Amino acid sequence: MRGRIRRLVASRGASARGVRHVILGLGNPGPHYAPTRHNAGTMVLDRLAARARLRFAAGRGDFTAARWSAPGGPVLLAKPDTYMNDSGRAGEQLARQTGLAPADFLVVVDDIDLPLGRLRLRARGGAGGHRGLASLMAHWGADDFPRLRLGVGPAVGDAAEYVLEPFAPEELDTVQKMVEAAADAVRGFLAEGLQAAMNRTNSLSIL
């Protein structure tokens, strides 16, 4: 009975079929983690959904999703329901359901090695110590997927504790501007392609 209810709930979620890209925002689930630095990626997806008046619903797996009629064709906005270090489970499920390769995903993620307010869009790369990216690489067996990094650094004290702290009140204005700019970068990626979006995003100065 419980499994049937889960399937019924999942069936009401956003369809993963026929999408051109998946925009995957990494973070930890639940309201406790929502305002923390580690959830910068999910903040961007929430902003994109708010702009398009979309709501996230349970997907057919360990993620919530919203289907978006984005520039260039349908896109799936998705957020893993797992904790950050198990993000790859949702990534693997989404790749299987959509039939998309990792290169057709755009992963939106926090980065303590970038100063607060800086954005960096890349076509591929290593995990850089980020457990969410490492989990995706392990499940996909690939590192050639675009990623949009949002600067939340520099870390003060222990990095693992730092990313789980909420942004300080004096940082919130910069955070809001960064999230808006990152949402614009996602739209640019979809409308103009990766290279054009990289050129614009990586030269952007928010502060």
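Laboratory data are not the source of any read-out in this text; all were calculated from the coordinates shown. None of these values were measured; they are calculated from a predicted model. Ideal geometry is used to build each Cβ from the backbone, glycine not excepted, and the neighbour counts take in all protein chains shown.
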Task: Modelled FRET efficiency - R0 35 Å, E165 with A138, Cβ distances, 0.05 increments - done: 0.85
Task: Hz values of 3J(HN,Hα) by residue in the range 72-83 - Karplus curve (6.51, -1.76, 1.60), Gly and Pro given as x - done: x, x, x, 9, 10, 8, 9, 10, x, 8, 7, 6
Open item on the list: Can you give me the orientation-averaged projected area of the convex hull built on the Cα atoms of the chain, in nm²?
Closed with: 11.1
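Let me know the longest stretch in the chain that avoids all trypsin sites (Lys or Arg not before Pro) found in a DSSP loop with at most 14 other C-beta atoms within 10 Å. Don't skip to the end; give the middle numbers.
Working: sites that count: R12, R17, R20, R53, R55, R124.
That would be 125-207.
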